[in-house]
Structure formats: C-alpha cells, structure tokens
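The values are calculated or read from the model by the stated rules, or taken from the named source; none is laboratory data. For clarity, every value in this text was computed on a predicted model and none was experimentally measured. Heads up, the Cβs are rebuilt from the backbone with ideal geometry, glycines too, and the neighbour counts pull from every protein chain shown.
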Amino acid sequence: MTWSTFPVDNLLCRCLGISITVWWTFLFVFIIIPAVFGVSFGMRRFYMRTLLKIFEWAMLRMEMGAKEKNQELYKPYSNGIIAKEPPSSLQQEMQELRGSAGCLRSEPEFEMADIFYFCRRGVESIVDDEVTKCFSAQELESWNLLTRSNYNFRHISLRVTVLWGFGVLVRYGVLLPLRVTLAVTGISLLLVLTTLVGFLPNREENKPQNGGICVANHTTPIDVIILANDGCYSLVGQAHGGLMGMIQRAMVKSSPHIWFERSEVKDRHLVAKRLGDHVADKTKQPILIFPEGTCINNTSVMMFKKGSFEIACTVYPVAIKYDPRFGDAFWNSSKFGMVNYLLRMMSSWAIVCSVWYLPPMNREEGEDAVQFANRVKAAIAAQGGLVDLIWDGGLKRTKVKDAFKEEQQKLYSQVLVGEQDQEDQSGDRQLEEENPEGDRNNQDSSKGQ
Amino acid sequence: MGSSSSSMDHIPNAEELMQETGFSAAHLLRLYERFEFLDKDQTGELRPEDFGAIGGLALNPIGDRIISAFFSPGQETVDFPSFVRVLAHFRPNGTNRTRNGTQQEPVNSRTRKLKFAFQLYDQDRDGKISRAELLQVLRAMLGIQVTEEQLQSIAERAIQEADLDRDDAISFDEFKKVQQVSPHPQTPTKETPLHPTEGGR
C-alpha cells in the first residue's frame with residue numbers, strides 16, 4: 001500500500017511544486033515588474049471589454065426570462081419610486097403651481113395651493129432622500145454577476161445562473177488567491193495592490209506641489225493608494241485600530257503624516273496648527289485631505305469641512321470616480337470592517353477608477369473659507385460627474401441644522417414679498433407706525449413650527 | 001440571484017395592500033425597505049422621532065405637519081399599512097390598475113389629495129380652517145422673513161377670497177372651489193420613469 005501511494009505522493013509534491021513556481025513567476029513577470037516599470041500589456045482593457053459584453057448578455061437573458069414569466073424586472077432607475085423632474089428653484093415651482101407664467105405681482109399674493117409645494121417636497125424626502133442614498137451602496141442599472149450588488153434581480157434565467165456560478169469560481173478560485181498572494185507580497189513592501197486597477201489620469205501638469213494641499217472626494221481608503229501611485233503625500237486622517245492602524249504607524253516611520261482622533265477634531269486649532277506648520281515647510285510633501293470627513297458612496301459630493309480651506313495656501317483639487325460596473329469600491333464603515341471590506345474588494349471583478357487632477361485654486365479676496373470650500377467642491381463634482389450636495393457628511397451620525405429651514409422660508413417669502421427689499425422695508429416701517437395693533441401677536445403663531 | 005435582500009413574504013397582507021393602494025409589488029417592496037430603514041429600533045412601527053431623522057424633512061417648513069399627517073389622532077405610532085395608505089394618496093391619477101368595482105373612490109383621486117392638503121392646514125380636524133390655523137401655517141412657511149403685519153394681511157386676503165359663506169373660516173368645499181381656479185395640485189408622482197442622468201448621477 002505504501003508502495004503505491006509513494007509515487008502518487010511524489011507526483012503530488014512535484015505538481016504542487018511546479019504549479020507554485022509557475023504561479024509566482026506569472027505573478028512577478030506579468031504583474032509586479034510591469035507595474036513597477038509602468039509597462040502595460042493591454043490586458044486590462046481587453047478584460048474590461050469582455051466583462052462588459054458578458055454583463056450585457058446576462059442582462060438581455062434576464063429580460064427575456066422575465067418577459068416569459070410575465071414578471072417585471074425591477075430596475076432601480078427606470079422603475080424608480082419618485083419621478084424626478086428637472087431641478088428647479090422654489091420660485092419656478094411656485095410659478096408653475098399658480099399657472100401664471102411670467103406675470104410679476106407687486107403685492108404679496110399667497111395662495112392656499114402654495115402648501116402643495118412643501119407638501120410634495122416633504123413626502124418625497126420621506127420616501128427617499130439624498131442623504132441616505134449617499135451612505136448606502138449605489139444601485140446598478142444592470143446586474144454585474146456579483147451577489148452583493150444584487151438588488152432585486154431574482155433567479156430568472158438558468159443560463160445566467162450558470163454564468164454566475166462560473167463567475168464565482170473564477171473570482172474566488174483565480175482572482176482572489178491571485179490578489180491575496182499579491183497582497184501578502186505587497187504589504188511586506190508596504191504596498192497593497194489589487195490586480196487590474198484601471199487607471200486613467202488626466203492633466204498631469206496639475207499635480208500637487210510641495211507646500212500645497214491636495215483635496216479629493218472620498219469613497220474608500222483605496223483613494224489614498226491610487227493617489228499615492230502617482231506622487232507622495234502626507235496624509236491626514238482618523239487614527240484607526242487593527243490592520244489599518246498598523247499600516248498607519250508604519251507609514252509614520254518613513255514620512256510625516258498627521259493622524260488624529262475624531263474627538264480631537266473638536267480641538268480644531270490643534271489640527272489646523274499642525275497642518276499649517278506642515279504646509280509652511282516647503283520641503284515637505286503636499287498634504288492629502290478628504291474634506292468630506294467620511295466615506296461617501298461616489299454618486300455625490302457632500303459638504304466640505306472648512307478647516308482645510310482656512311489655511312492660506314494653494315489647493316489642488318482632485319476628482320476620483322469609480323466605475324461601479326466592475327465592483328463597488330465604497331466602504332460602508334457602519335456595515336463592514338476593514339478586513340471584510342478588503343475581501344470584498346479582492347473578489348470583485350476589478351476596481352476601475354478615473355482620476356482627474358484639476359487646476360490649482362487659491363482663496364480669492366473677500367471669499368471666506370466656506371465659499372472657497374464650496375467652489376472647490378463644485379469643481380470636483382463637475383469634473384467627476386457627481387452630484388453636488390449641501391449636506392454634511394457628519395449626517396451619517398448627527399442631525400440637520402436649523403439654518404437650512406430658514407433658507408427655505410426665506411426663498412418662499414421672496415416669492416410672496418418680491419425682491420424689492422428697499423421699498424418694502426421703508427413701506428413696512430410706515431405701516432408699523434400707523435398700526436400699533438399689528439403687534440397683537442397670536443401666541444400660537446409665534447411658536448413657530 | 002436566489003438571495004434577494006427581502007421578499008414580499010415579509011410584508012403582512014401584501015396582496016390586500018396592493019389592491020387597496022394600487023402600488024405595484026416592486027414599489028411596495030421598496031417602501032417596505034424604506035420603512036424598515038426609518039424604523040431604527042426595529043419595533044415594526046414608526047414614531048415621530050423616526051421621521052424627524054430625515055434631513056429633507058427637517059428643513060421643510062411644514063415638516064412637522066406632514067409628519068403628523070401620518071399619525072391618526074391619538075396614535076403614537078404608525079405601522080406599515082397605514083404608512084403606505086397615506087403615501088398612496090400621492091400616486092398619479094391616471095394609473096389606477098385595480099378596477100375592483102367598489103363604489104369607493106380610489107385613494108389617489110384629486111379629492112383625496114386635496115383632503116390631505118386641507119388637513120395640513122386643519123390640525124384640529126374640525127373640518128374648517130380657522131383664521132388662527134391659517135396664520136400658523138403662514139408663520140411656519142415664512143418664519144421670521146415677514147412681519148406680523150404682512151402675515152395678517154396675507155391671511156385676511158386669503159380668507160376673503162375663499163370664504164364664501166362668511167363664517168370666517170374655510171371649509172373643505174370652499175377649499176376645493178379655490179383650487180378649481182388653480183391648475184392640478186402638484187403631487188409627487190410615482191411609477192413614471194426617472195431621468196437616469198441628473199446632474200451626472
């Protein structure tokens with residue numbers, strides 16, 4: 001018995017040995033060395049194109065299958081729950097409500113129907129709101145054969161199921177081990193790569209220089225890796241524990257980074273001072289900051305915190321946009337931890353992102369930090385094709401401020417009272433003097449809603 | 001594929017609800033997930049605070065009133081069927097798919113929509129919008145942007161225009177008559193296609 005298993009054992013060992021050698025050679029020759037020298041075999045584009053064709057085919061099969069069974073295939077955008085009309089201001093909507101196009105009124109004209117506007121906006125936000133959307137993964141129009149991106153795409157077609165099964169094999173059997181070995185190699189060199197990171201940089205002359213601050217929209221810690229591919233930065237961010245924390249501490253040994261506790265952010269002066277010192281020193285690398293303060297799901301850009309814009313120096317905006325069809329890069333930190341997230345990343349098809357370096361901006365005369373921040377945010381949103389939102393990323397954890405409500409009230413009052421502030425004010429004063437009883441306040445109305 | 005996040009089985013009386021409200025299965029599912037999302041402590045019912053957590057609602061001047069429209073008088077919580085029934089008012093008029101032959105008018109008829117808006121004004125549900133109630137709403141929508149004087153004159157004008165039987169209050173019929181002059185009330189419409197790209201999203 002031992003006699004017959006011996007050659008098998010030997011054979012097994014030899015096979016194993018050979019396959020491992022082949023594996024590592026493959027890894028080095030085709031991936032690591034070209035990456036180091038910046039050479040590309042064009043495999044990525046081919047792979048991406050093939051994947052896209054497969055997804056389209058799968059989608060067609062599912063639609064056909066759905067028609068046969070007489071079901072409706074639920075697509076998040078075309079079967080959406082709210083019909084979005086082109087975004088218009090409060091004024092425009094009010095005009096439409098009243099049916100009086102372009103006829104200006106000189107006196108306040110309230111109509112009972114005005115309430116419909118607010119009612120509608122209110123109910124829309126109950127059904128679906130922008131903020132919540134930002135903190136959950138983006139829904140895809142067509143399914144990309146990953147269970148995790150499956151939102152209501154049920155089992156409809158056998159062929160698609162088979163394809164999905166095959167996809168699982170490929171992703172977990174080939175891609176995942178490939179990436180894990182890479183990662184292990186990589187981490188020991190302090191680089192973490194996922195294979196097949198498609199990279200399309202633009203406008204390279206706008207790369208951040210020393211003594212500047214680079215700001216970008218934030219979706220995932222991978223943003224850092226991608227930008228670091230292209231230049232060295234000092235990072236500013238929340239100090240983490242676990243694997244992330246280890247990496248952070250290791251990085252500090254080689255170049256200056258600024259890690260802080262979120263609770264310490266309240267002591268904003270401390271952080272601002274550290275930033276200011278770093279930037280003033282022209283020999284130090286540019287700082288990389290994500291002013292949103294938290295990971296957003298890459299369909300929109302949330303409010304930029306003004307802290308980094310208060311420091312007087314050049315700002316280099318960078319827009320990063322991930323292609324969601326190949327794998328969702330968004331790190332939903334309330335749902336997954338770091339390791340879980342990495343696992344998902346590595347078993348996706350690919351992480352494909354576009355990076356745009358925008359021309360540097362400086363704070364203009366008479367512009368305060370908030371306005372400057374909004375200007376930069378608008379530029380980044382415009383370039384990346386993201387929606388520019390006013391909301392605070394901190395809404396992941398806290399509530400809305402009253403200032404926003406006042407804004408709405410102000411807009412509405414302008415519709416009624418008109419833009420003629422000067423005349424109205426003087427008119428008001430006269431009226432108030434004549435009618436002292438106007439102060440007979442209804443107690444309830446002053447309570448305010 | 002086979003493992004979808006939630007299914008119709010979780011929704012109690014789904015068929016009935018669909019008949020009653022006219023929502024499609026997909027929309028009902030979506031609303032159910034939204035309901036679960038809003039229900040932070042997983043009790044199966046929503047409280048006013050749960051609504052208060054919605055950003056867009058918090059900045060709406062009449063947000064509180066809209067929230068209380070979901071709660072029947074005296075009730076502290078709202079369950080999923082009630083939630084959906086209120087939202088059903090906002091379905092567009094032309095898409096009633098269930099002709100089950102009952103005499104009852106559909107949930108999303110024009111009258112029902114107007115009734116909803118009427119109740120936003122008429123908080124004490126006595127069937128009339130008094131001058132005081134009108135002032136309250138105006139104050140909510142305008143905040144500190146107008147003076148008390150202006151507010152009073154606006155309310156005065158509105159009541160004069162609408163109040164036909166001179167009882168210094170606006171009844172539902174008078175409210176409806178005023179709307180005859182204006183175009184169709186604007187309500188969020190569902191089951192019509194979303195523009196897929198909006199500002200690049």
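Tabulated data
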item	result
Members of region B:80-90 that are more than 10 Å from every other protein chain (Cβ to nearest Cβ) and within 18 Å of B:S109 (Cα to Cα)	B:S82, B:V84, B:R85, B:A88
Positions within region B:61-79 being part of a loop (DSSP other than H, G, I, E, B) and more than 9 Å from chain A (Cβ to nearest Cβ), in sequence order	B:F71, B:S72, B:P73, B:G74, B:Q75, B:E76, B:T77
Complete set of residues in region A:369-393 that are away from chain B (no Cβ under 14 Å) and free of Cβ contacts under 8 Å to residues at least 60 places away in the same chain	A:Q371, A:R375
Some residue of region B:174-186 being loosely packed, with under 13 Cβ neighbours inside 10 Å, acidic (D, E) and at pLDDT 70 or above	no
Any pair with Cβ under 6 angstrom, 6 or more apart, that starts in region A:224-239 at a residue that is in a loop (DSSP other than H, G, I, E, B) and ends at one that is modelled with pLDDT of 75 or more and buried (at least 18 other Cβ atoms within 10 Å of the Cβ)	A:C232/A:Q285; A:Y233/A:Q285; A:Y233/A:P286; A:Y233/A:L288
Number of the condition not met by B:R30 [criteria: (1) more than 7 Å from every other protein chain (Cβ to nearest Cβ); (2) buried (at least 19 other Cβ atoms within 10 Å of the Cβ); (3) modelled with pLDDT of 80 or more; (4) more than 30 Å from A:A403 (Cβ to Cβ)]	(1)
Any hit, region A:323-336, residues being under 23 Å from A:H269 (Cβ atoms) and either touching a Ser or Thr at 6+ places or on another chain (Cβ under 6 Å) or among the hydrophobic types (A, V, I, L, M, F, W, C) (or both)	no
Selected residue (criterion: surrounded by the fewest Cβ atoms within 10 Å (Cβ to Cβ)) from residues of region A:189-228 that are of a type in the set (S, T, N, Q) and at pLDDT below 70	A:N202
Qualifying residue in region B:125-136 (condition: modelled with pLDDT under 85 and of a type in the set (K, R))	yes
Extreme residue, nearest to A:E261 (Cα to Cα), among residues of region A:287-312 that are part of a strand (DSSP E or B) and away from every other protein chain (no Cβ under 14 Å)	A:I289
Failed condition for A:Y316, given (1) surrounded by fewer than 21 Cβ atoms within 10 Å (Cβ to Cβ); (2) in a strand (DSSP E or B)	(1)
Answer residue from region A:326-361, given it is in a helix (DSSP H, G or I) and modelled with pLDDT of 80 or more and is farthest from A:H218 (Cα to Cα) among those	A:N340
